[in-house]
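One structure is given here, and the rest of the page talks about it.
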Amino acid sequence: MKTTVNISLRGYIFHLEEDAYERIKHYLDDLKRALSNEENFKEIIDNIEERIAELFRRRLSQHKQVVNMRDVEEVIAILGTPEEISGEEKRKEENRKNASATGTRKLYRDPVARVLGGVCSGLSIYTDMPLWLMRAIFVVFAFIGGFSVLVYVILWIVVPEARTASQKIEMEGRPVNIENIKDFVKQEFETVKKRMNL
C-alpha cells in the first residue's frame, strides 16, 4: 500500500503516489530556477504545466487512476530536463532532426492565419504547402462544382482547432518539450509586440 497525494495542475485534479509527487515537485522547482531569468517566465511555466497535465491525463484510464513514478519519469523524458536548457543550440538542432525523422505532425485548424475556420491554414502547415496555394485550390474547386465547400465544412467540423501551445507545436511537427514551449511563448510575445507597435 502506498500513500497518495492529490494535486491540482492547470485545473485538473490528479492523484499521485507520494514518491511521484516529490519527483514532479522537484522537477518543477528546478525548472522554475532554470527559467527564472526568462522574460516570459510565468507563461512558459504555465504552458509546461499544461503539457504535464495533458501527459498525465493520457496515462490515466478507468482502470488506472493514480500517477506513479514511472509515469512521472516518462513525462520528464518527453519534456527534457532543466540541465538540457543550457545546451540550447544543440537541443534545437536535435529537435529539428527528431521532427523530420518521426513525422509527428498533427492536423489542426490554425486560428492565427484563418479567414473562416482555419482549415486552409492548418492544411498548409500540415502539408508544407504555401497558404496562398492551399486557398487557391479550395477557391478553384469551389467554382468547379462546389465540392471543396463541402470538404471545407466537414474539415471545419471534424478537425480540432489548435488552442494550446502543445497543439500548435504538434501542428508544426516539433516535439513538445521545454525548449520548444519556451521558443513558442517567446514567438507569441514578439508577435503581440509587433502588432501593438503597428
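The values are calculated or read from the model by the stated rules, or taken from the named source; none is laboratory data. Since this is a predicted model, take the numbers as computed values, not measurements. Neighbour counts are summed over all protein chains in view; Cβ atoms, including those assigned to glycine, are modelled from backbone coordinates with ideal geometry.
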Item to check | Lone qualifier among ARG70, ARG135 - being more than 16 Å from the chain's Cα centre (by Cα), modelled with pLDDT of 85 or more and surrounded by 15 or more Cβ atoms within 10 Å (Cβ to Cβ) | outcome: ARG135
Checklist outcome for this item: Scanning the range 112-123 for residues that are part of a helix (DSSP H, G or I) and either charged (D, E, K, R) or under 19 Å from the mean Cα position of the chain (by Cα) (or both) gives VAL119, SER121, GLY122, LEU123
